[in-house]
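Colleague: I have a structure I would like to understand better, so I am pasting it below and will then ask my questions one at a time.
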Amino acid sequence: MKRFFITLLLFTTYLATTTAQYFPVDTAKLNSAYRAIVKGPNTLEKQQDFLAAFPTTYMEFYYTYQYIEGNNYDFTMTRMVNGHLTVLGDSLYFISDSLYCNKLVNLAVGMNDTGETTSHLQEIIHLAMLKYEKTMMAAVMRLFKAYQLQFWSFYWSSVVYSENWTEHFLKLYRRYFEEYPDVMRTMAIAFEYYNGSVCYPDEFPHLQEKRHKQDGYKYNFDDYRYRIRK
């Protein structure tokens with residue numbers, strides 16, 4: 001009998017998730033704020049409204065913009081995500097650097113690279129780091145160490161190893177290691193494991209291993225370690 005009720009509960013949950021949608025943010029307010037900025041004129045108040053309505057955590061981001069195949073699924077927010085990200089990256093220039101950077105850093109904590117949409121977000125965060133480096137680093141340093149690791153894991157996530165990111169990493173490492181060694185060690189761990197070795201959720205370990213062997217893939221991290229010591 002107990003097993004029956006558990007099965008019934010799981011089935012009910014499945015039906016609920018396949019026939020209904022849950023948005024953790026006010027999508028009407030978010031879309032209204034987005035249209036106000038696009039229509040113009042762009043003002044501080046409009047930018048504040050958009051940033052406040054935009055997802056703050058990775059879970060809010062995923063559930064707001066997720067794509068699920070189904071006849072009854074509303075794809076409105078899925079279609080809006082690139083427009084929203086463009087505004088997030090290019091149109092919030094009246095927002096204070098601190099508020100903007102804290103929003104991006106908090107959003108990246110726990111985020112996983114799942115394809116085009118998150119790559120767009122990752123690009124925005126990289127550009128913010130280049131433009132507001134000290135403010136971004138201050139936002140990261142306020143996080144608990146585990147959250148710092150999650151932030152850097154998303155920041156350095158790449159299916160293909162990036163030499164440009166290696167140069168960027170080394171500049172940050174050398175610039176901040178003396179003053180913030182623990183933060184830089186955490187960043188280095190994430191860089192080692194995620195630059196060029198991240199896997200998408202639907203790519204299972206045994207399939208990845210098989211593909212790498214077929215491609216003759218070999219990753220050597222020794223050169224990076226040597227360059228840090230230098």
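We did not get these values from a lab; they are worked out from the coordinates using the rules stated. On a predicted model such as this, the values are computed, not experimentally measured, just so you know. All Cβ positions, glycine included, derive from the backbone under ideal geometry; neighbour counts span all protein chains shown.
Colleague: I need the calculated FRET efficiency for the pair TYR63 and GLU192, taking r as the beta carbon distance and R₀ as 30 Å, to the nearest 0.05. Don't skip to the answer; put the middle values down first.
Modeller: Values: r = 31 Å, r/R0 = 1.02.
With a Förster radius of 30 Å, E is 0.45.
Colleague: Using unit Cβ charges (K, R positive; D, E negative) and no other charged atoms, how large, in debye to the nearest 20, is the dipole of segment 13-147 about its Cα centre?
Modeller: Values: 10 positive and 12 negative charges, 64 e Å.
With only Lys, Arg, Asp and Glu charged at Cβ, the dipole is about 300 debye.
Colleague: Which of LEU170, GLY115, SER157 sits closest to the plus end of the dipole of segment 105-205, meaning its Cα is farthest towards the positive end, when Lys and Arg get +1 and Asp and Glu get -1 on the C-beta?
Modeller: The residue sitting farthest along the positive end of the dipole is LEU170.
Colleague: Now a separate question. What full-extension length gain, to one decimal in nm, is calculated for TYR161 and SER96 as 0.36 nm per residue of separation minus the Cα-Cα distance?
Modeller: Numbers: separation 65, 0.36 × 65 = 23.40 nm, distance 3.34 nm.
That pair, TYR161 and SER96, stretches by 20.1 nm at full extension.
Colleague: Starting from one equal scatterer on each C-alpha and no solvent at all, send me the Debye-based log10 I(q)/I(0) for segment 82-188 at q = 0.14 Å⁻¹, two decimals.
Modeller: Once normalised to I(0) and log-transformed, intensities are -0.53.
Colleague: Could you rank the peptides 84-97, 147-160 by their average count of other C-beta atoms within 10 Å per residue, with the highest value first?
Modeller: Values: 84-97: 16.1, 147-160: 20.3.
Per-residue Cβ counts within 10 Å, averaged per peptide and sorted highest first, yield 147-160, 84-97.
Colleague: Find how much the distance from PHE177 to LYS145 grows on full extension, using 0.36 nm per residue of separation minus their present alpha carbon separation; answer in nm with one decimal.
Modeller: Values: separation 32, 0.36 × 32 = 11.52 nm, distance 1.53 nm.
Result for the pair: 10.0 nm of gain on full extension.
Colleague: Order 188-197, 35-44, 99-108 from most to least packed using the mean count of other Cβ atoms within 10 Å.
Modeller: Numbers: 188-197: 19.0, 35-44: 12.6, 99-108: 20.9.
In decreasing order of mean packing, 188-197, 35-44, 99-108 become 99-108, 188-197, 35-44.
Colleague: Once you have the alpha carbon radius of gyration of segment 110-153, what is it after dividing by 2.2 N^0.38 Å, with N set to its residue count?
Modeller: Details: Rg = 11.0 Å, N = 44, 2.2 N^0.38 = 9.3 Å.
Relative to the 2.2 N^0.38 Å estimate, segment 110-153 comes out at 1.19.
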